[in-house]
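First comes the structure, then the notes that go with it.
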Amino acid sequence: MSGTMKINILSLILIISMVASVACSKQNDTSGVNADVEAETQTDGKAEADTGAESGDGTEQTGSESRGYTVLAEKLLIPWAIAFDGDTVYISERAGSIVKIEEGAVTRQPVRLKKNTKNEGEGGFLGFVLAPDFAKTRQAYAYHSYEESASILNRIVLLEEKDDGWEEVKAYIENIPGSYIHDGGRMAIGPDNHLYITTGDAGIRELPQDRNSLAGKILRMTLDGKIPADNPFPNSYVYSYGHRNSQGIDWNDEGIMYSSEHGPSGTPGGHDELNVIEPGGNYGWPNIIGDEQGEGMTTPIYHTGDEAIAPSGIAIDSENRILVAALRGQKLFRYDPKDKTMEALLEHEGRLRDVKIHNGKIYVITNNTDGRGNPSEGDDRLLVLK
Ligand SMILES: [Ca+2]
C-alpha cells in the first residue's frame with residue numbers, strides 16, 4: 001500500500017444553488033468583539049492565549065445556501081497555500097501534508113522532511129509554491145516551522161514529488177526565527193523569476209528593524225537558493241523589513257508588488273495593512289502603525305483602522321484589484337487601489353486563509369479547522385467562485 005491515502009472522491013463539482021435563502025448566516029459577525037488573533041499582545045510580546053472567541057457561537061453552518069461558488073474539495077486539515085499545475089490543484093496543510101486535487105480525486109500526500117514540522121500556534125507547514133519548471137522537475141518550495149534546541153524556527157526547503165508523496169531535496173535557509181505566533185510563511189515567485197518569502201517577527205519586537213535578522217522581513221532569493229546580486233542589501237536575503245507578520249504577497253500586471261500584513265492586537269489593535277513593497281523599504285513595525293509617520297519608513301496604502309480582519313493570502317486580478325483572504329474578518333475582500341475602496345466578495349464561510357486566481361477563476365480556502373474557527377461538517381473547503 002502506498003503512503004498516499006484517498007481521502008475523498010467528491011461528487012465532482014457540487015453546484016450550489018443560487019435560489020436558497022440567505023437566512024442562515026454561517027457565522028455570527030464577531031467584528032469588534034472577542035479578539036481572535038493571528039496576533040501577539042502588543043505590550044509584552046508574549047503569545048496571546050487562544051480565546052476560542054469565534055467558536056461556540058452556536059450558529060449552524062449548513063453551507064447549502066446560495067453562495068455563488070462551487071466546492072472543489074472538503075475535509076481539508078488547516079489548509080494554508082494553494083498552488084496550480086494546469087488543472088491540478090495542490091494545497092499545503094499545516095500539520096505537514098499536501099493535498100492533491102486531480103480530476104475530482106482528492107489525495108493526501110505525505111511530506112518527508114529532514115526536520116519534523118512543528119505544527120503549533122501559527123506555525124507549521126505553511127508556504128508552498130511549485131517550481132516554474134514543475135512539469136519537468138516535479139519540484140516545489142516550502143516553508144515550515146520546526147523545533148531545535150527548544151526553539152521554534154522556520155526553514156525554506158526544496159521538495160520533489162515522488163509516486164508516494166513528497167521528499168525534501170535540500171534546505172535553502174534555516175534558523176529563521178519562529179514562535180508560537182508570527183511565523184509569516186507566504187511564498188511566491190515574482191515576475192523576475194525569483195522566490196519571495198514572508199517571515200514574521202516571531203513575537204520579538206526588536207527583530208523587524210534589525211536587518212541582520214531574518215525575522216519580520218520579506219526575503220528574496222534565486223530559484224536555486226542564492227542571494228540575488230541585485231538585492232537591496234549586500235549579501236542579504238532581506239528585500240524589505242519592518243514587517244510584523246505578512247502572510248500575503250502578489251504582483252499586478254505592471255510588476256508592482258503588494259503585501260498584506262497583520263497589525264497589532266491589544267490597544268490600539270487593528271491596523272491591518274496593505275503595502276506596496278519596494279526593495280529596501282522599511283515598513284515601520286514596531287515604530288509606527290496606521291498613518292503614523294517615521295523617518296525612512298513607508299506607510300501602508302490601506303489600513304483597517306481599529307478593526308482587525310487578520311489578512312492572509314492575497315491575489316491581484318486582471319484589473320489590478322487586490323483580493324484579500326481574511327481570517328478574523330471572515331470575508332474575501334477586494335481592494336481597488338484606484339478609488340481606494342474595499343468591498344466584500346464572499347462572506348459567511350468562516351475564516352479564509354489563501355486566495356488565488358487561476359485561468360480567470362477565484363479559488364479560496366477556508367480555515368475553520370485551525371483551532372480558532374468554528375468548523376462545519378465539510379470544513380475546511382476549497383471554493384471556486386462563480
Ligand atoms: Ca507597517
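Only the coordinates and a few stated rules stand behind these numbers; no lab work does. Computed from a predicted structure; not experimentally measured. In this analysis, Cβ positions are derived from the backbone assuming ideal geometry, glycine residues included, and neighbour counts consider all displayed protein chains.
Starting from the Cα-Cα distance between Met297 and Glu377, subtract it from 0.36 nm times their residue separation and give me the gain in nm to one decimal.
Working: separation 80, 0.36 × 80 = 28.80 nm, distance 4.53 nm.
Result: 24.3 nm gained on full extension.
Would you grab the residues whose amide H sits under 5 Å from the one on Leu346? Only those 5+ places off in sequence or on another chain, please, with H modelled 1.01 Å from N.
Here the answer is Leu332, since their amide H atoms fall under 5 Å of that of Leu346.
Suppose R0 equals 25 Å; then what is the FRET efficiency for Ala105 and Ile189 from their Cβ-Cβ distance, rounded to the nearest 0.05?
Once rounded, the FRET efficiency stands at 0.40.
Could you please report the charge total around Gly127, scoring K, R as +1 and D, E as -1 over all other residues with beta-carbon less than 12 angstrom from its beta-carbon?
+2
For a quick check of your reading of the filter: which trypsin sites (Lys or Arg not before Pro) in the range 226-324 sit in a DSSP loop and have no more than 12 other Cβ atoms within 10 Å?
Those satisfying the criteria are Lys226.
What distance in nm separates the two pseudo spin-label positions at His358 and Ala135, each 7 Å out from Cα along the beta-carbon direction?
In this crude spin-label approximation the distance works out to 1.5 nm.
Among Leu323, Leu346, which comes first, then next, by fewest other beta-carbon atoms within 10 Å?
Leu346, Leu323
Give me Phe134, Phe125, Phe233 sorted ascending by neighbouring Cβ count inside 10 Å, so fewest comes first. Each step should come with its number before you reach the end.
Working: Phe134 19, Phe125 26, Phe233 14.
Fewest-to-most Cβ neighbours within 10 Å comes out as Phe233, Phe134, Phe125.
Given the Cα-Cα distance of Asn320 and Asp230 and 0.36 nm per residue of separation, how much length would full extension add, in nm? List each step's numbers first, then the result.
Values: separation 90, 0.36 × 90 = 32.40 nm, distance 2.62 nm.
Stretched out fully, the Asn320 to Asp230 stretch lengthens by 29.8 nm.
For every other residue with a beta carbon closer than 11 angstrom to the beta carbon of Ala81, add +1 if it is Lys or Arg and -1 if Asp or Glu, then tell me the sum.
On the way: positive: Arg94, Arg186, Arg353, Lys356; negative: Glu93, Asp354.
Around Ala81, the surrounding residues sum to +2.
Take the residue pairs Lys100/Lys217; Lys162/Lys361; Lys118/Lys331; Lys162/Lys226; Lys136/Lys331; Lys226/Lys386 and return only those whose Cα atoms are more than 32 Å apart.
Lys136/Lys331; Lys226/Lys386, as the Cα separations exceed 32 Å there.
Quick one: 3J(HN,Hα) in Hz for the range 270-279, Karplus 6.51/-1.76/1.60 with θ = phi - 60°, rounded, Gly and Pro as x.
Calculated HN-Hα couplings, in order: x, 6, 5, 10, 10, 10, 8, 8, 10, x Hz.
Local charge sum around Arg138 (other residues, Cβ-Cβ under 15 Å, Lys/Arg +1, Asp/Glu -1)?
After counting each charged neighbour, the total is -4.
Taking 0.36 nm per residue of separation and subtracting the Cα-Cα distance, what length does fully extending Val169 through Lys114 add?
That pair, Val169 and Lys114, stretches by 18.9 nm at full extension.
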